[in-house]
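Beneath this line is the structure, given in C-alpha cells, with notes to follow.
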Amino acid sequence: MSKPRCGIIQFPGSNCELETQYAFQFFGWDAMIFRWNTPLDVLSKMDAYVLPGGFSYQDRVRAGAIAAKMEIMELLIDADKWGKPILGICNGCQILAEAGVIPNTKGEYELEAALAPNTRGKEPIGFICDWVWVTFKNTQKSLFTTLFNEGDALPIPINHGEGRFLLKKSILDSIESYSQIQFCTSKAEVLPSFPVNPNGSMLNLAGFSNKKGNVLAIMPHPERACFLKQIPFWIPDPLADEKREHFKKGEDGVTPWKNLFIGMREYALENREQWARNTFHVISRGGSL
Amino acid sequence: MRASLRLFTYLKGIDLQCMSASHAIERFLHYPYLKKLSRFILWHIHYENVSRHEALESLKGILEKSIVLVNPNKEGYYFDCLPPKRIDLNHNLVLIKVSQNEAFLDPHIERFLISGNNRISKIEQALLWELIVTKPEGKDIADVEKELKEQVILTTSRQKGILVHPISESFDILPIQDYYSKT
C-alpha cells in the first residue's frame, strides 16, 4: 500500500517545514514541501495539509493575518469540506484561526478565535521559548488525538509571541464538543496560573480542533518532541529518563507524540480513495490558483 | 497640576506592515478605494504636578537621552498633533485608533519611564492607521466610514477586514480635527 501524501505549505517566512517534513516521513507519510503559490491541481492531490511554524509575512499586521488572506487558503477550505486532515502548528495555528478554519462552529469560516500576545497575569511577556507540558481532553472528538490517553501529560516545546488563545464567548458553552490540548503540570494538573499556563490562554488552551475533528490548530511544536533525542535531559519527565536509557544503548526512540502523526495517517489511509474520487471536482472548479 | 502629552511615532523608511496591509486590502479584500495607508504609534504620557511646559521639556529630554520611545535611526515623531494633511476634495481622510483589549504596553518601558521620572504617572499606547480613500460618487464620509468598517477594518472572515481583530482588539474612528494641526 502506498503512503498517504501530505502537503506542507511553506509561506514566505515559514521556518519549520524541514523538521515537519522529517517527522511526517518518519511516521509513514510521503511528505512534500510546497510553496504557497503552487498550482491548485498539484496541491489538491494531497491527502492532508500542514501549515508549519515560522513567521509568515513577517507577522505583519498580526501573526497569520496576511497568510490567511492568500488564495491557497481557499484550497484548504475545500479540503476541510471534504474532511481531509489539516494541521496548523504555531504560525500555522495562527493562520487557521485568522482564516476562520478553527473552530468554525457554524461552518461559515468566520473569525471566532484569536491568538493574542502572550501575557503573564495582566502583563505582556513577549516571546516565549520553553518546554511545557500539555494534556488531552475529549480525545475521541478529533482524528489527531484518538490515539492519546486523556489525562496524560506530555512535554513539548513552545516558541511564540502571540499564542494566547481567546475564544468568542458563544463557543465557551459548546467547548466540550471540541478536542482540546491544554497546558498542564508534569502531573497533568491544569492550573491557570503562570508558568503552567505560559501565555495566559483561555482554558489553558494550547491547541484545539474544529467541530468535525479533521482540523487541529496547536501552538506547541509536536514535530520537535516526537523523537527521544529531542527531549532535553533537564526536564523532570520520564521521557528524559527513557532517553538516557536509550542513549546508553546507542539507540534513539520515539515519544507518544508519534500518535498524532500515526492517527492522522490511519485516518488518511481509510479515506483517501473517497478523496481521490473527489479531486477531479476540485481541480475542474478553479484551475490554477 | 496635571499634564497629558501625545506623542506620535512612525517609521522613517518604508513601513512593510502598511505595504502588506495595503496589498491585502486591494487584492484580497477587493476594496478599490484605498489610496494610501500609513501607521503611527500613539503614546499618551500623563504627568503629575508639572506644568505643560515642564512636561514637554521632560519628554524632550527622554527622547534625546534614550531610545525607549523613539529609535532615531529609524523612527521619527510628532508632539501633540500630526502635521497638516492636504487632501483634495475627491478623497477622505480616516484615522483609526486600535487598542488591545488587555495588556499591551511592554512593562519594561513603563517601569523605565515611571521609575526614571517620577513625574510621569501613566503611559498608554495605541496603534493608529491613517487611511486616505477615494470618495466614491454619491457617498458622504459616514457612508465611507461604514463601508471601511465592514470591508477593511473589522476582521470577520477571510474576505472581510484585516486591521482590527474583533476578539482581542477594539478600535475608534478618531475625529480628524483633534489629531491634525491646522498650520
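Any residue at all in the stretch A:55-71 that is more than 10 Å from chain B (Cβ to nearest Cβ), surrounded by fewer than 24 Cβ atoms within 10 Å (Cβ to Cβ) and outside any helix (DSSP H, G or I)?
Checked the stretch A:55-71: at least one residue is more than 10 Å from chain B (Cβ to nearest Cβ), surrounded by fewer than 24 Cβ atoms within 10 Å (Cβ to Cβ) and outside any helix (DSSP H, G or I).
State which residue pairs qualify: first residue loosely packed, with under 14 Cβ neighbours inside 10 Å and inside the stretch A:238-259, second residue assigned to a loop (DSSP other than H, G, I, E, B) in any location, beta carbons under 8 Å apart, and separation of 6 or more residues or different chains.
Close Cβ pairs (under 8 Å, with a partner that is assigned to a loop (DSSP other than H, G, I, E, B)) amount to A:244/A:233.
Does residue A:84 fit the bill of being at pLDDT 95 or above, over 11 Å from the mean Cα position of the chain (by Cα) and in a loop (DSSP other than H, G, I, E, B)?
yes
Got a number for residues in the stretch A:95-113 being touching a residue at least 40 places away in the same chain (Cβ under 8 Å) and acidic (Asp, Glu)?
Residues in the stretch A:95-113 being touching a residue at least 40 places away in the same chain (Cβ under 8 Å) and acidic (Asp, Glu): 1 in total.
I'd like to know if the stretch B:162-176 contains one or more residues that are among the hydroxyl-bearing types (Ser, Thr, Tyr) and more than 14 Å from chain A (Cβ to nearest Cβ).
No, the conditions are met nowhere in the stretch B:162-176.
Does residue B:102 satisfy being within 12 Å of chain A (Cβ to nearest Cβ), within 25 Å of residue B:161 (Cβ to Cβ) and outside any helix (DSSP H, G or I)?
Considered against the rule, which asks whether it is within 12 Å of chain A (Cβ to nearest Cβ), within 25 Å of residue B:161 (Cβ to Cβ) and outside any helix (DSSP H, G or I), residue B:102 comes out as yes.
Would you confirm whether any residue within the stretch A:1-11 is assigned to a helix (DSSP H, G or I) and crowded, with 23+ Cβ neighbours inside 10 Å? Don't jump to the end; show me each part of the working.
So in the stretch A:1-11, the residues assigned to a helix (DSSP H, G or I) come out as none.
Taking every residue of the stretch A:1-11 in turn, none turns out to be assigned to a helix (DSSP H, G or I) and crowded, with 23+ Cβ neighbours inside 10 Å.
Out of the residues in the stretch B:22-51 that are in a helix (DSSP H, G or I) and either at positive phi or surrounded by 14 or more Cβ atoms within 10 Å (Cβ to Cβ) (or both), which is nearest to the other protein chains (Cβ to nearest Cβ)?
Here is the first cut: in the stretch B:22-51, the ones in a helix (DSSP H, G or I) are B:22-27.
Those left that are additionally either at positive phi or surrounded by 14 or more Cβ atoms within 10 Å (Cβ to Cβ) (or both): B:22-26.
On the way: B:22: 11, B:23: 8, B:24: 5, B:25: 9, B:26: 11 Å.
The selected residue is B:24.
Would you check if there is a residue in the stretch A:173-183 being in a loop (DSSP other than H, G, I, E, B), buried (at least 20 other Cβ atoms within 10 Å of the Cβ), within 14 Å of another protein chain (Cβ to nearest Cβ) and under 15 Å from the mean Cα position of the chain (by Cα)?
Within the stretch A:173-183, none of the residues are in a loop (DSSP other than H, G, I, E, B), buried (at least 20 other Cβ atoms within 10 Å of the Cβ), within 14 Å of another protein chain (Cβ to nearest Cβ) and under 15 Å from the mean Cα position of the chain (by Cα).
Quick one: residue A:113 ticks every box in (1) in contact with a helix residue (DSSP H, G or I) (Cβ under 9 Å, 6 or more places away or on another chain); (2) closer than 24 Å to residue A:268 by Cβ; (3) within 12 Å of chain B (Cβ to nearest Cβ); (4) not charged (D, E, K, R) bar one, so which box is it?
So the condition that residue A:113 fails would be (2).
The values are calculated or read from the model by the stated rules, or taken from the named source; none is laboratory data. A quick note: this is a predicted structure, and the numbers were derived from the prediction, not measured. In this analysis, Cβ positions are derived from the backbone assuming ideal geometry, glycine residues included, and neighbour counts consider all displayed protein chains.
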